[in-house]
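Report on one structure; see the data block that follows.
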Amino acid sequence: MKTFSVKNFEKFQHYKDRNPPWIKLYNELLDDYEFGCLPDISKWHLIAIWLLASRSGNRIPMDERWVAKRISANDELNLQVLFDFGFLVENQELRNVEQDASKRLALARSRETETEGETEAEISTHEDAENPVLEPDPEPESPTDDELFEDWYSGYPEKVGRGAAVKAFKTALKKTDFETLKTGLERYTRHKPSDRAWCNPSTWLNQERWADQPAPVVGGNGQSNVPSFDPQDTIQLLNHNPASRAAIIAKLERWYSGQMTEWRFTPAWADDHPPEHPACVIPPDIVNEVKERMGVKGSLERGAA
């Protein structure tokens, strides 16, 4: 059965028991930009899922109705928006141990009438033989830093200074996570102006270039040459995925209400340009919907985004 986990859960939940009486909830969560963009009900569902993860060894069945029941959700649970923002990640298939346990219990109850008159020792012998304890599959081993480097380095166009790059990569992993490094590299390779040389891998890492926000390149005619990319994946994601659409609407509301002073990159979409910018790939109907509801004057012409 497919399962999912809370991303980086082990980094901020330092417990040894499978079912601890409490988990850590850090105050800095209020400063987390991605958390702030979530719909309010999804925020509280996420916290409840953290509690559920602490009970299950951070392996939760990919069953939305089952999860909703376990966290006592009264409002509709939407796991997709939590995947879109990167709070949850999908795991490899894992046997559903809880269902196995339920089957064992049902079988044991069906045999109650058959065991009347037997001694306690006889019953124990039958149960041990017919209902062996099922242990959960072992946790898959996490990739090593060297393996993560090979994955990241395979996507770097200019493969020079490998030794220095390895050291810089391991240092970078102490500052941020692998997904941020990989997403930052993809953004760099997509937006690098053609008239500039590639940055050495070690320099890119040492300068923390994964956090760069590419700006339009001004050409000789004084016009902005916006890096070209295909926005269709992003547009389809926002138009056909209700969870992603709700998330970007929440981000637009923060932008137009003045709660955001800088349009920040969100890994779930290629929207590192704000509304009204020629390279913004958010569909115009979504932008206009938010502007009209919030009383922002001016309409974005179709095709501008």
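Values in this text are rule-based calculations from the coordinates and carry no lab data. Quick caveat: nothing in here was measured; it's all calculated off a predicted structure. Here the Cβ positions follow ideal geometry from the backbone for every residue, glycine too, while neighbour counts run over all protein chains shown.
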19 Å reach of a label modelled at residue 30, 7 Å along Cα-to-Cβ, counting backbone N of segment 45-83: 45-48
Segment residue 62-residue 209, extension gain: residue separation times 0.36 nm, minus the distance between their alpha carbons: 49.4 nm
Sequence-distant residues sharing a close amide H with residue 88 (under 5 Å, placed H): 7, 83
Positive dipole terminus of segment 145-225, leading residue within 198, 169, 148 (C-beta point charges): 198
Cα centroid of segment 47-79 to Cα centroid of segment 186-206, whole Å: 40 Å
